[in-house]
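Note sheet for the following structure.
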Amino acid sequence: MLSPYTTTITNEALRRGITVSVIDPSVPIFELCHGSSTIRCYRSLSDRVGAVTFHLTQNKFLAGCFLRERGFPVPPQELYANFKQACDFLEQHSPIVVKPCMQWGARGVATNISTQHDLKTALKNARRFEPDILLEKMVTGDDYRLVFINYCFVSALQRRPACVIGNGSSTVRKLIAAQNLRSTAIDPVHRIPLDRETGRFLHTIGFSFDSIPDAGQTVIVRQTANYHTGGSVHDITEQVSADLIDLGKRIVKAAGLPVAGIDCMRSADGLQTHVIELAPDLAISPRGGQRIAEHFIDYLFPETAGMHTKPAV
Ligand SMILES: Nc1ncnc2c1ncn2[C@@H]1O[C@H](COP(=O)(O)OP(=O)(O)O)[C@@H](O)[C@H]1O
Ligand SMILES: [Mg+2]
């Protein structure tokens, strides 16, 4: 309950005189009460989102089917059925991404899969998280998250994959460890995993944990751009293109999802965009999350909009 994904919201509510009741301190469920209105939340999920809509959107396979049928751009995908089918998909779409259907923070996601050997490893790893696995064509471009609240665009983040910069003498492993030491001092979840997937991805680009990058050389070490795998987050709300916002608006309306994080990949020339995730839970955290939390509480309790004061410094 004391995770930043709840406290960023509950602190904003308390600032406005909204009562917060916790059901059980070990789970992030809480009730917000103001006047005669009570709304139950689970992090940034709330009873304002229908249970069926939640189920549909948080499952990456179902969300993909839903969006594709309505003409939105999603990469080719298939639900994993057996190894032969997965190999056929790989042959048709290589390189591919393998991911569990309902996780978050890049848990169990393997990118840049182009061999049957890597496919087998990726499937085994993804299955540690859940039985339903998605095979997806890997699309190129920059990684964006668009945030919508009450169907309105609130912010856009660009996410860049974790990388290290060589000094001519340290190994990749040492550079990652040093970077993790710096980033986890600020936020413990912001860490590049020193695990098999990072090792495998390094191998696909001709590196290993023991390689020594040249001084000044930048090496991407984990391709998933998530903050939870050491990626960096850049607020581009003021620069994001109007057509991307428009795409997001049409998606949240079609899905009936008032609060959403839409993850998409867009080519540098802006000509190709693919939606890869429709997240019903925003995982609002303090870094840039305060403004989002304000919009969220404005949405749930419009009568309190403008009542908040800045947090004490
Ligand atoms: N089809 C894809 N093509 C390219 N990169 C992808 C693809 N799917 C996922 N990724 C990368 O992996 C990250 C995590 O995938 P995502 O589907 O958003 O799952 P999660 O819920 O774990 O964030 C993305 O932000 C992106 O960097
Ligand atoms: Mg995502």
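A few notes on this one:
- Residue in segment 114-133 that is aliphatic (A, V, I, L, M), assigned to a helix (DSSP H, G or I), modelled with pLDDT of 95 or more and more than 25 Å from Ala63 (Cβ to Cβ) present: no
- Within segment 97-122, the set of residues being surrounded by fewer than 18 Cβ atoms within 10 Å (Cβ to Cβ) and more than 10 Å from ligand 1 (Cβ to nearest atom) comprises Ser114, Thr115, Gln116, His117, Lys120, Thr121.
- All positions within segment 1-28 that are within 21 Å of Arg291 (Cα to Cα), free of Cβ contacts under 8 Å to residues at least 24 places away in the same chain and surrounded by fewer than 16 Cβ atoms within 10 Å (Cβ to Cβ): Leu2, Leu14, Thr19
- Checking Ala126, Ala106, Ala110 one by one, the residue that is within 12 Å of ligand 2 (Cβ to nearest atom) and either closer than 23 Å to Ala283 by Cα or touching a residue at least 12 places away in the same chain (Cβ under 8 Å) (or both) is Ala106 and no other.
- Test: residue in segment 202-211 that is in contact (Cβ under 8 Å) with a residue 60 or more places away in the chain, more than 16 Å from ligand 2 (Cβ to nearest atom), over 26 Å from Lys99 (Cα atoms) and open to solvent by less than 50 Å² (accessible area, probe 1.4 Å): no
- Within segment 161-207, restricting attention to residues that are of a type in the set (Asp, Glu) and not in a helix (DSSP H, G or I), the residue that is farthest from Gln116 (Cα to Cα) is Asp187.
- All told, Asp298 falls short of being more than 20 Å from the chain's Cα centre (by Cα), part of a loop (DSSP other than H, G, I, E, B) and away from ligand 1 (no atom under 16 Å from the Cβ).
- From the options Ile149, Ile205, residue that is of a type in the set (Val, Ile, Thr) and within 17 Å of the chain's Cα centre (by Cα): Ile149
- No other residue among Ser94, Ser46 is free of Cβ contacts under 8 Å to residues at least 60 places away in the same chain and either open to solvent by 20 Å² or more (accessible area, probe 1.4 Å) or within 23 Å of the chain's Cα centre (by Cα) (or both) apart from Ser94.
- Top-ranked residue in segment 73-83 [being over 19 Å from the mean Cα position of the chain (by Cα) and either surrounded by 19 or more Cβ atoms within 10 Å (Cβ to Cβ) or at pLDDT below 95 (or both); ranked as farthest from Ala126 (Cα to Cα)]: Glu78
- Checking Gly256 against (1) more than 16 Å from ligand 1 (Cβ to nearest atom); (2) at pLDDT 95 or above; (3) crowded, with 20+ Cβ neighbours inside 10 Å, the condition it does not meet: (3)
- Taking each residue of segment 140-154 that is within 30 Å of Pro95 (Cα to Cα) and looking for partners that are away from ligand 2 (no atom under 16 Å from the Cβ) and of a type in the set (Phe, Trp, Tyr) with beta-carbon atoms closer than 9 Å, six or more apart or interchain, yields Leu146/Phe153; Val147/Phe153.
- In segment 218-233, the count of residues that are open to solvent by 20 Å² or more (accessible area, probe 1.4 Å) and touching a Phe, Trp or Tyr at 6+ places or on another chain (Cβ under 7 Å) is one or more.
- Considering Arg43, Arg70, the condition of being under 23 Å from Asn226 (Cβ atoms) and in contact with a helix residue (DSSP H, G or I) (Cβ under 9 Å, 6 or more places away or on another chain) is satisfied by Arg43 alone.
- Any hit, segment 188-208, residues being in contact with a Leu (Cβ under 7 Å, 6 or more places away or on another chain), closer than 21 Å to Ser44 by Cα, at pLDDT below 95 and within 14 Å of ligand 1 (Cβ to nearest atom): no
- For segment 49-65, a residue qualifies if it is closer than 16 Å to Val275 by Cβ and open to solvent by 30 Å² or more (accessible area, probe 1.4 Å), and the qualifying residues are Leu56, Gln58, Phe61, Leu62, Cys65.
The values are calculated or read from the model by the stated rules, or taken from the named source; none is laboratory data. No experiment lies behind these values; they were computed from the predicted model shown. We place every Cβ from the backbone using ideal geometry, glycine too, and count neighbours over all the protein chains shown. Keep in mind that these areas ignore ligands, DNA and RNA; they rest on the heavy atoms of the full protein, side chains included. Shrake-Rupley method; radii C 1.70, N 1.55, O 1.52, S 1.80 Å.
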